[in-house]
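The values are calculated or read from the model by the stated rules, or taken from the named source; none is laboratory data. Computed from a predicted structure; not experimentally measured. When we count neighbours, we look across all protein chains shown, and the Cβ atoms used for this are built from the backbone with ideal geometry, even at glycine. When the accessible area is computed, the model is the full protein with side chains, heavy atoms only, and any ligands, DNA or RNA have been set aside. Shrake-Rupley method; radii C 1.70, N 1.55, O 1.52, S 1.80 Å.
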Amino acid sequence: MASTNTLEDNIKMLEQYIEYFPDFPKPGILYKDVLSVLSHSDGLKLLEVILKQISIKLRGKVDCIAMLETRGFIFAPILSLHLNVPCIPVSKKGNLPGPVIEFPYILEYGEDILTLQLNSITKGQKIFIVDDFLATGGTLEAATRLIEKAGGEVVQGLVLMEKLELEGRKRLNFPVISLLSE
């Protein structure tokens, strides 16, 4: 993997590390496992290069990285290190210690509550939000509203994979970088 590759070239190369599982989680679904990248050292190195390339474009534009539970927790810290900015968790109710602020939201299969530790965001901070998957956009939209409730402003996001047919990005008021889409 040459360091002269563009971000787009590297993203295309990343696809070779994605594993496919037919009929998971139910018959008729072809599941693309983005976490399979982590089981290949070359894939993990390539992902780190991609995240570094993205961080170069973000430098000076964001004050903090918000990582969504649980898979966002894997990838966001790499961006945070390259940008030298804090990385904060956005998690489901009951998973963060100390005082938290909450935001309830409705999913296609029920309801849930996202939480953020109180005082983890300073009023006016520009936030880059990271999650693994964008489908309907419900979770990212709820996380954005929670961050806004805490005083932050989501300026851009990153997902590892996006299901385009569900048009989830239409629910978001910020640009999203999608590494893989279907």
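At a glance:
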item: Hits in the range 116-130 (condition: assigned to a loop (DSSP other than H, G, I, E, B), on the phi < 0 side of the Ramachandran plot and not hydrophobic (A, V, I, L, M, F, W, C)); result: Ser120, Thr122, Lys123, Gln125
item: Filter result for Gly110 (surrounded by fewer than 19 Cβ atoms within 10 Å (Cβ to Cβ) and modelled with pLDDT under 95); result: yes
item: Residue within the range 121-137 that is farther than 24 Å from Arg171 by Cβ and either open to solvent by 70 Å² or more (accessible area, probe 1.4 Å) or in contact with a strand residue (DSSP E or B) (Cβ under 6 Å, 6 or more places away or on another chain) (or both) present; result: yes
item: Odd one out for Gly98 among (1) loosely packed, with under 15 Cβ neighbours inside 10 Å; (2) over 26 Å from Ile113 (Cβ atoms); (3) in contact with a strand residue (DSSP E or B) (Cβ under 7 Å, 6 or more places away or on another chain); result: (2)
item: Selection within the range 131-161 - at pLDDT below 95 and outside any helix (DSSP H, G or I); result: Asp132, Phe133, Leu134, Ala135, Thr136, Gly137, Leu160, Met161
item: Output for the range 138-182, where each listed residue is under 27 Å from Ser36 (Cα atoms), surrounded by 15 or more Cβ atoms within 10 Å (Cβ to Cβ) and in contact (Cβ under 8 Å) with a residue 60 or more places away in the chain; result: Thr139, Leu140, Ala143, Gln156, Leu158, Leu160, Met161, Ile177, Leu179, Leu180
item: Count of the range 143-168 residues which are over 13 Å from the mean Cα position of the chain (by Cα) and not β-branched (Val, Ile, Thr); result: 14
